[in-house]
Amino acid sequence: MLSVCNIPYIVVYAVIRHAKHPLRRILKMANPQKEVQTKLAKGLLDLIVLQFLNQQPMHGYQIITRIRKSFGVYFGPSTIYPFMAQLEKKGYIKSQWNTDSERPRKVYTLTHDGKVMLNFTEDSLSLLCQKIGTTNSSGNTVETGTIVRKTILPPLTVK
């Protein structure tokens, strides 16, 4: 029988499963790097999806697999499809059914408004990285790349 510190594994699992929320969170944080990656990917999901669609039109499953391959984070259909509907409602993407293949798929493409939002988001993220990423933990200066503006937007100013 599996055990942890001479306590049967099933008992340890039950304690963790039914423990108060902060304890469960501490015990679940086995991989803090993965947690940071997931948190960043969630926060930047709109940027990620708009960048993918800027390269080529894609259907939902392609987006899901590309995120997983590129970032090592899995967002399932219950996350991606409602998110795509929100982007479409905002006018950043448009969808069209492709019935040419054996299975009909909804293919998403980036709109002009989506390109403008992508550029703005990239510029904002670049500015943020410049502000917080100018030195590393050793105190050495780190070069941060700048993103060239692809559309005419008002300049970003920081007060």
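Odds and ends about this structure:
- Over 23 Å (Cα to Cα) - which of Lys42/Lys89; Lys39/Lys106; Lys69/Lys90 fall in this group: Lys39/Lys106; Lys69/Lys90
- Amide H to amide H, with H built 1.01 Å from N, Thr111 comes under 5 Å of Ile93, Lys94, counting only residues 5 or more places away or on other chains.
- For a label point 7 Å along the Cα-to-beta-carbon line of Asp113, residues of the stretch 72-96 with backbone N under 13 Å: 86-95
- Per-residue packing, averaged as other Cβ atoms within 10 Å, sorts the ranges 35-41, 76-82 into the order 35-41, 76-82, beginning with the highest.
- With the simple spin-label model, which puts each label point 7 Å out from Cα in the Cβ direction, the Leu44 to Ala85 separation comes to 2.8 nm.
Each value in this text was obtained by applying a stated rule to the coordinates, not by laboratory testing. Quick caveat, the model's predicted, so the values are computed rather than measured. Glycine also receives a Cβ, built like all others from the backbone with ideal geometry; neighbour counts cover every protein chain displayed.
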